[in-house]
Each structure stands twice: as structure tokens, then as C-alpha cells.
Amino acid sequence: MTAIAAAPPLVAAGPPGWVVLGVLVAATAIVSAAEIMKADEDADDIFADDEPTGIQSCPEESCSDKMSPAEGKDKFRELPKNPDDLLEDGYEEITHPGTPEHIRKFRNPKTGDEVEFHKGRPNKSAWKGKDHWHRINPNKTGNRDRYLDKNGNPIPRGSDASHIEPSR
């Protein structure tokens, strides 16, 4: 029986009932506080306070020839107007069958840099109507840090900064 359901008969019982009601209310508050504290601890384990850095960590011998996005951000800041130019820069096309025809995906096997080219479509507004790139965050944990902006910082999917205009 909850303290609320027990309140009318205990109040009617006079001072001894009031004491019992007070103990029930206090016990309910203590149990509720304990449950909230436990849920808070669980949330701390599940949802880290640190924002993703976008920097890949690995043993030196396993990725000595790769760059983290932060180290290589100056090297991959500019993306071409023609996506085929990436092939000349050592990227491989990794577009999967079934990908919409206006999207092409590329990966640099040496650096691990992965990008998507989205061809602007006629009669579409905003970014859907403009050629643009997305740089994939190799350390993404979900949509809130799915992409990297033009400077290599993790950013959410759909954010304006996730759209990188061709610059060369």
C-alpha cells in the first residue's frame, strides 16, 4: 500500500496514525531517492560526459601509416568539385550497390579518410540542390558525431557544418 492510499485511514486514527503516516512518507522518499541515485549512476555509465574528439587511438605499430583526423585535418581540408579527382589523389571508390545515384563514397586507404560526395539535384533547395561533401568521423558513436566538419571536428548529422562545399 502506498503512503497516499494509506493517508486517510491513518489521519483518521489520530496521533498514532500520523506517526505511522510520517514514517511511510519518509520511507517512500528514501526509496525514491535511492532509485533516482541508482538511475543517475547508470546514466553516467551509459552516457559519457566527454564529447568525442574524433581522434582515433590505436597501438603505434598498427596505425603508424595512418593519420587521425586531427593530425591530417590540414591535409584533407579541401575537396574537389569533381569527385573523380579523388581517385587521382589515392582514394578508392567504395560506393555500395543500392546507394542513391547522386551519392558517391570514397576512402583513402593510407589515411583512412572517408568522404561522401552528394551531387546537387535540380529543383531542390538548400544543400540538396548544391554539390557538397560529407567527411565521415572514423570514431562516430551515433548521429550526434557522425561527421567531421571542414576542420576535422566531430559534428552531428544534418548540421549545416556537416556539409562541405567543394573548393578546388
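So which residues in the stretch 83-102 are modelled with pLDDT of 90 or more and open to solvent by 70 Å² or more (accessible area, probe 1.4 Å), if there are any at all? Working first, answer last.
If we filter the stretch 83-102 for residues that are modelled with pLDDT of 90 or more, which is where we start, we get 83-88, 90-102.
Result: Leu87, Glu88, Glu92, Glu93, His96, Pro97, Gly98, Glu101.
Report whether or not Lys110 is open to solvent by 30 Å² or more (accessible area, probe 1.4 Å), modelled with pLDDT of 90 or more and not in a strand (DSSP E or B).
Considered against the rule, which asks whether it is open to solvent by 30 Å² or more (accessible area, probe 1.4 Å), modelled with pLDDT of 90 or more and not in a strand (DSSP E or B), Lys110 comes out as yes.
Please enumerate the residues belonging to the stretch 126-168 that are within 9 Å of the chain's Cα centre (by Cα) and in a loop (DSSP other than H, G, I, E, B).
Matches in the stretch 126-168: Lys140, Thr141, Gly142, Arg146, Pro156, Arg157.
Kindly indicate the residue of the stretch 114-153 that is basic (Lys, Arg) and more than 17 Å from Pro83 (Cα to Cα) and also modelled with the lowest pLDDT among those meeting that condition.
Lys124
Tell me, yes or no, whether the stretch 154-164 has at least one residue that is at pLDDT 95 or above, more than 16 Å from Glu78 (Cβ to Cβ) and of a type in the set (A, V, I, L, M).
The answer is no, given that none of the residues of the stretch 154-164 is at pLDDT 95 or above, more than 16 Å from Glu78 (Cβ to Cβ) and of a type in the set (A, V, I, L, M).
Which pairs have Cβ atoms under 8 Å, sit 6 or more apart or on different chains, and link a residue in the stretch 77-105 that is under 20 Å from Leu148 (Cα atoms) to one that is in a loop (DSSP other than H, G, I, E, B) and among the acidic types (Asp, Glu)?
These pairs meet every condition: Lys81/Asp131; Tyr91/Asp113.
Being in contact (Cβ under 8 Å) with a residue 40 or more places away in the chain and surrounded by fewer than 18 Cβ atoms within 10 Å (Cβ to Cβ) is the filter here; which residues of the stretch 139-162 pass it?
First, the residues of the stretch 139-162 that are in contact (Cβ under 8 Å) with a residue 40 or more places away in the chain: 139-141, 145, 148, 150-154.
Answer for the stretch 139-162, where residues must be in contact (Cβ under 8 Å) with a residue 40 or more places away in the chain and surrounded by fewer than 18 Cβ atoms within 10 Å (Cβ to Cβ): Asn139, Lys140, Thr141, Asn151.
Taking Lys66 as meeting all but one of (1) surrounded by fewer than 16 Cβ atoms within 10 Å (Cβ to Cβ); (2) in a loop (DSSP other than H, G, I, E, B); (3) at pLDDT below 50, write down the number of the exception.
Only one criterion is unmet by Lys66, namely (1).
The values are calculated or read from the model by the stated rules, or taken from the named source; none is laboratory data. All of these numbers come straight from a predicted model, not from anything done at the bench. Note that each Cβ is placed from the backbone with ideal geometry, even for glycine, and that neighbours are counted across all protein chains shown. The protein model used for the area step is the full one, side chains on, heavy atoms only, and it has no ligands, DNA or RNA in it. Shrake-Rupley method; radii C 1.70, N 1.55, O 1.52, S 1.80 Å.
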